[in-house]
Each structure stands twice: as structure tokens, then as C-alpha cells.
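Since the structure comes first, as C-alpha cells, the remarks are kept for the end.
The values are calculated or read from the model by the stated rules, or taken from the named source; none is laboratory data. Please read all numbers here as calculations on a predicted model, not as lab measurements. Cβ: placed from backbone, ideal geometry, glycine included. Neighbour counts: every protein chain shown.
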């Protein structure tokens, strides 16, 4: 009986260690996602380049109902164009969950004056280096 309990204790400890690691990885993925989301808020190309350099692969693919941007440069241009239409807009997270190098994020679309103008969800895929390689946004198109 003692060996069985020790074996069970060892299994539980390993399971807890995996859960702790998983929570750390969840926090890392969330930090990467939030850094990516911060790039949407930044008004300058330089700030977007900095934030995306830390969070997004150079050959990423971004899609939403209105566009497909291939690579960081196209994504930055799309962000800059969006920022011209809705100055100061940003996308604070309301929910984030990840596993196996994919994530789902819910967010609000917030105008520069703080008004919530919409909401949506995004799906992310992460590369081996931890940065995003694909981001897919889901939201209702403006009327």
C-alpha cells in the first residue's frame, strides 16, 4: 500500500508541476497577445514595429472580415490605415485562454475617447519561438 501511495504522490506532483508550467505558459502567451494588441493602439509606425517585433513573426498572416495581411509590413500598414479611420482606437482584452500554441481572445473595440464601439474575438497561433504566426479576428462589420 505504501508504494502505491508514493506512486500516486509522485504522479500528483508531476501533474501539479505540469499545471504550474501551463499557467506560466498561459501568462507568456497572454503577454505576447497583449503586446500585439498594444501595437493596434500605438499611433506611430516605429512603436508598432517595436511592439510587433516582440510579439509577431515577420511572416505572420493576419485576417479579419475586411482584409488579409501577409507579413509584418502589411499588418503595420493595415493598422496605420485603421488608426486614421478611428484615431486612438484599441482593443482591451476581456477574456484570454490558450493551449497547445493556440489562443482565443475576446476584446472590446474602444475609440480614442474611451467609447466602446464594438467587440469581437480573435484566434491566434504561436510559432516555436513563442511569437504569433497567425491572427484571425472575428467581429461584425460596421453598418
Residue 122 fails exactly one of the following numbered conditions: (1) surrounded by fewer than 17 Cβ atoms within 10 Å (Cβ to Cβ); (2) outside any helix (DSSP H, G or I). What is the number of that condition? (1)
Hey, among the residues in region 77-99 that are surrounded by 13 or more Cβ atoms within 10 Å (Cβ to Cβ) and part of a helix (DSSP H, G or I), which one's modelled with the lowest pLDDT? 83
Go through region 100-118 and report how many residues are in a strand (DSSP E or B) and either without any contact (Cβ under 8 Å) to a residue 12 or more places away in the chain or out of contact with any helix residue (DSSP H, G or I) (no Cβ under 8 Å at 6 or more places or on another chain) (or both). 9
The one condition in (1) closer than 25 Å to residue 142 by Cα; (2) part of a helix (DSSP H, G or I); (3) modelled with pLDDT under 95; (4) out of contact with any helix residue (DSSP H, G or I) (no Cβ under 7 Å at 6 or more places or on another chain) that residue 74 fails to fulfil: (3)
Within region 16-38, is even one residue at pLDDT 90 or above, exposed (fewer than 11 other Cβ atoms within 10 Å of the Cβ) and more than 14 Å from the chain's Cα centre (by Cα)? no
Quick one: count up the residues across region 77-95 that are more than 18 Å from residue 62 (Cβ to Cβ) and in contact with a helix residue (DSSP H, G or I) (Cβ under 8 Å, 6 or more places away or on another chain). 2
Considering only region 100-109, state which residues are surrounded by 14 or more Cβ atoms within 10 Å (Cβ to Cβ) and under 14 Å from residue 131 (Cα atoms). 101, 103
For residue 112, which of the numbered conditions (1) more than 14 Å from the chain's Cα centre (by Cα); (2) surrounded by fewer than 16 Cβ atoms within 10 Å (Cβ to Cβ); (3) within 14 Å of residue 39 (Cα to Cα); (4) modelled with pLDDT under 95 fails to hold? (3)
Just checking, does region 41-57 include any residue being modelled with pLDDT of 95 or more, assigned to a strand (DSSP E or B) and under 14 Å from residue 30 (Cα atoms)? yes
So, in region 125-143, of the ones that are surrounded by 12 or more Cβ atoms within 10 Å (Cβ to Cβ) and part of a loop (DSSP other than H, G, I, E, B), which residue ends up modelled with the lowest pLDDT? 130
